[in-house]
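Encoded as structure tokens, the structure appears first; notes follow it.
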Amino acid sequence: MSRVLSRIALRADARVFCIAGSQSRDEARLLRLAEGIHLTGTPRAANVLLIAGELDAGLIAPALVAHDALSPPRATVWWRLDTEEALVSKNFPNAFMEDDLDPVPALRRVHEELLAGQREGEAPLLPDVEPAQWQGIGPYGQGGKGMTGGVPYGRPMAERADDRDGLKLDYLPVRIGPLFAPLPVGLALDVKLQGDVIQGAAFENLADASTDGTSIFHRALRVAVLIRDLELARARSHLEWLSDAVAVAGAASLSERILRLAQQVAPGDGDAIRAVERTLRRRGFFDWSMRGVGVLKTNALEGVSGPVARASGLSIDARTKEAAYERLGFEPLTQDAGDAAARWIQRVREAAQALDLAGQAGDERTGGSGAIESPRGLLTDGAGPSTATARLVPSLVVGMEFGEAVATVVSLDLDMSEAQPLDNHVSAAS
Amino acid sequence: MRPYLSPPLAVITMIGVLIAGSYAVAVLEEIAGTLVSRRPLRLTYVFWAPLATAALLLTQGRTSTERPDAQAWALAPALLAGLAAVGLAVIPIDQNTSVADPAAGFVLYSAAISYVMVAVYLHGWSANSTLPLIGAYRFIAQAFAFQIPFLLVLLAPALPAESLAISDIVEAQESLWNVVRQPLGLPIFLVVSAAATFSLPLDFPDAADLAGGTSSEVSASHRLAWRGARAGLLVMVAAMGASAFLGGWQGPWLPGWLWVILKTLLLLVILIASSHTFARLRIERFVVLAWVVLLPLSLVNIFFAGALLL
């Protein structure tokens, strides 16, 4: 019987939980289009762990936990992506190393070997023990007043606090991330939950600070590049973000279609993107889903740039100061609403605008001045736009229902590896 | 008193309907996903994928969270599947064939729908983990909002039949189906059905923004059971919609049972297609929509259904 099941199961997509280092998330995202594998949102649904690129030091411990949460028999594949350091191989000694550009054949092979019994499942990597000794002052190990508070077994218990209706109710301190699929890689949110409402929030950035990005925007800091290439990359970045955001909003199949579009767009394809905007509007992504969520007023936007600022009505864009863009007739787009819907629309429109610009740009070049408008905002040598944007998160999510908070963070398009210097703990409470 | 299937045959029929129904749901999901994502449609893959996935989940080992309420956790999918079976049992398969067609079939069906809240809450709570718990909380708000409109909109078809037995409700549609007689009924029913089966755009307890919510911690056979039970629930509401609004077994040329299957499939296609079309509503919006729009509309629906009888 089990042999028959295994034979049938060979036809199934391999269930893969992918953990991407903060420098490899673009490569990892493309695997959503691959045939023969299915990326899961939780390690419990997978039995193959794929580690893409080099993991940030702060992600190793959560990755070990995720490994042990995979369904047995489990296996690990490390898709090296030309990385050199050995942090992954040291921590995942049994990982199957894959140097190929396409990890899908290796993932299929591991999946099939596991099913056929040719590959032994990996044992858990962490000992099955409590994270800390039982510690508490009360008879039940609790540390606060009455039955609440304290950290028995190293885990914070519920405590009491005022809720938004003026009652004293339990709140639960929990950490969301850094591998929580909807949030950007490396962002760990420490929230105090009352029911599904966030009453206090802090975040920690577990992504390694990237010293030198390899994107065209980083290259444009030092040398002049073709506007055509730069704007095409901007449109791709916005569409890839859109694909992620649409997936979090529940539409996995539409997300796949947008991701495929992101790979196919060419200079001059602005109309294809405007068609996407109409599709999203008709399907309720803006008005039913994101309207009024996470409103950012202009006075809260100190240091914030890029689409997030422009969606709140600030007309700031480094491109306006460049002669080449002036010759192309560039004008920054802005909106007034400042909510998540506005940020979605802003990025979609900027993607269309970028493709229009790329179509007209010819041989015009830009860059080399040490500052460039990247898809997330103003990028300078040593400082990325996500630093300022990430700082908005704690005060923004307090008081929100959990799903709204996730939608809000997603709408900010953070890249935690450029959110530096490490201003680690920013917190807020209601 | 109508003839029932003999008990052994009834049990086999119910199991068969649940399994075949879940398979149909999985295939329709696969087709809808393929069409929306604009992947090339490979029919052998579409028909094999659900079976292969089920086999894969059955070969895997189960994992556990830290200190779950293990019995309740294992019970939740069984409870949900059981509720789907109870609801399906009261729906006649043909004019003279049913598994159970009690005089108060509507009441039994409604009771099954109310207990969905218990199954989902149990599933989320007993995992002893954050994301499932948030999913469980969400479903309480959702369930309070959809339950009353759900019952009211199903009560309206009982008025022209002057009976709470589903077969009488079907028979009363011989001259005119309720989808025409009560034009508000089916649209409201479809919305509350999406909520009751926690399908997109109303999949709050198991949503992607919770990495799967109440099912984010389940693995292997447990995951298969939960997905199967939820698919069974979809079949249960679609079959009820077919009987209460689309005239059940009534139709020309084809045998009655085939009409029941075709009409159920039609409603499944509508429910699954809309789950691949619309963005997830904000939960607050849905609760407001349910109390402020759906509830009054379903009362208006009942009022007109009653007025037509005078």
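The values are calculated or read from the model by the stated rules, or taken from the named source; none is laboratory data. On a predicted model such as this, the values are computed, not experimentally measured, just so you know. As a convention, Cβ positions derive from the backbone with ideal geometry for all residues, glycine included, and neighbour counts pool all protein chains shown.
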* Asked: Considering segment B:181-221 alone, what residues qualify as being within 9 Å of chain A (Cβ to nearest Cβ) and closer than 22 Å to B:Gly61 by Cα?
  -> B:Ala211, B:Gly212, B:Ser215, B:Ser216, B:Glu217, B:Val218, B:Ser219, B:Ala220
* Given (1) surrounded by 22 or more Cβ atoms within 10 Å (Cβ to Cβ); (2) under 27 Å from A:Leu179 (Cα atoms); (3) within 11 Å of another protein chain (Cβ to nearest Cβ), where does B:Phe286 come up short, assuming only one miss? -> (2)
* What number of residues in segment A:30-63 are part of a helix (DSSP H, G or I) and either hydrophobic (A, V, I, L, M, F, W, C) or within 14 Å of another protein chain (Cβ to nearest Cβ) (or both)? -> 13
* Asked: For the subset of segment B:1-34 comprising residues that are over 21 Å from B:Pro77 (Cα atoms) and in contact (Cβ under 8 Å) with a residue 24 or more places away in the chain, which member is surrounded by the fewest Cβ atoms within 10 Å (Cβ to Cβ)?
  -> B:Pro3
* So, of the residues in segment A:1-48 that are charged (D, E, K, R) and over 24 Å from B:Leu51 (Cβ atoms), which turns out to be modelled with the highest pLDDT? -> A:Arg29
* When you look at B:Ala127, is it outside any helix (DSSP H, G or I), touching a residue at least 12 places away in the same chain (Cβ under 8 Å) and buried (at least 20 other Cβ atoms within 10 Å of the Cβ), yes or no? -> yes
* May I ask you to say which residue of A:Gln360, A:Gln346, A:Gln353 is assigned by TED's automatic domain parsing to the domain that holds A:Ser305, within 19 Å of A:Asp271 (Cα to Cα) and touching a Pro at 6+ places or on another chain (Cβ under 6 Å)? => A:Gln346
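Table: residues versus (1) farther than 18 Å from B:Val218 by Cβ; (2) out of contact with any Leu (no Cβ under 8 Å at 6 or more places or on another chain); (3) among the β-branched types (Val, Ile, Thr).
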residue: A:Leu5; (1), (2), (3): yes, no, no
residue: A:Ile19; (1), (2), (3): yes, no, yes
residue: A:Gln23; (1), (2), (3): yes, yes, no
residue: A:Leu31; (1), (2), (3): yes, no, no
residue: A:Gly41; (1), (2), (3): no, yes, no
residue: A:Asn47; (1), (2), (3): no, no, no
residue: A:Val65; (1), (2), (3): no, no, yes
residue: A:Asp82; (1), (2), (3): yes, yes, no
* **Selection status of A:Asp244, within 12 Å of another protein chain (Cβ to nearest Cβ), under 28 Å from A:Asp56 (Cβ atoms) and either outside any helix (DSSP H, G or I) or out of contact with any helix residue (DSSP H, G or I) (no Cβ under 6 Å at 6 or more places or on another chain) (or both)** => yes
* List every residue pair whose Cβ atoms lie under 6 Å apart, where the two residues are 6 or more positions apart in sequence or sit on different chains, the first residue falls within segment A:202-226 and is over 16 Å from A:Gly21 (Cα atoms), and the second residue, located anywhere, is surrounded by 21 or more Cβ atoms within 10 Å (Cβ to Cβ) and polar (S, T, N, Q). => A:Phe217/A:Ser374
* Qualifying positions in segment A:172-197 - outside any loop (DSSP other than H, G, I, E, B) and within 9 Å of the chain's Cα centre (by Cα) -> A:Leu187
* Asked: Which of the residues spanning segment B:289-310 are away from chain A (no Cβ under 14 Å), without any contact (Cβ under 8 Å) to a residue 60 or more places away in the chain and either assigned to a helix (DSSP H, G or I) or closer than 25 Å to B:Ala239 by Cα (or both)?
  -> B:Val292, B:Pro296, B:Phe303, B:Ala307
* To do: Scan A:Ala45, A:Ala95 and give me the residue that is within 20 Å of the chain's Cα centre (by Cα) and surrounded by 14 or more Cβ atoms within 10 Å (Cβ to Cβ).
  => A:Ala45
* Asked: Among helices (runs of 4 or more DSSP H) lying entirely in segment B:132-228, which contain 1 or more residues that are basic (Lys, Arg)?
  -> B:178-181
* To do: Grab the helices (runs of 4 or more DSSP H) fully contained in segment A:275-382, keeping just those with 3 or more residues being within 14 Å of chain B (Cβ to nearest Cβ).
  => A:340-360
* Asked: Out of all the residues in segment B:242-255, is one or more away from chain A (no Cβ under 14 Å), within 15 Å of B:Val191 (Cα to Cα) and out of contact with any Gly (no Cβ under 8 Å at 6 or more places or on another chain)?
  -> no
* Answer residue from segment B:40-76, given it is over 26 Å from the mean Cα position of the chain (by Cα) and at the interface with chain A (Cβ under 8 Å from one of its Cβ atoms) and is surrounded by the most Cβ atoms within 10 Å (Cβ to Cβ) among those -> B:Gln60
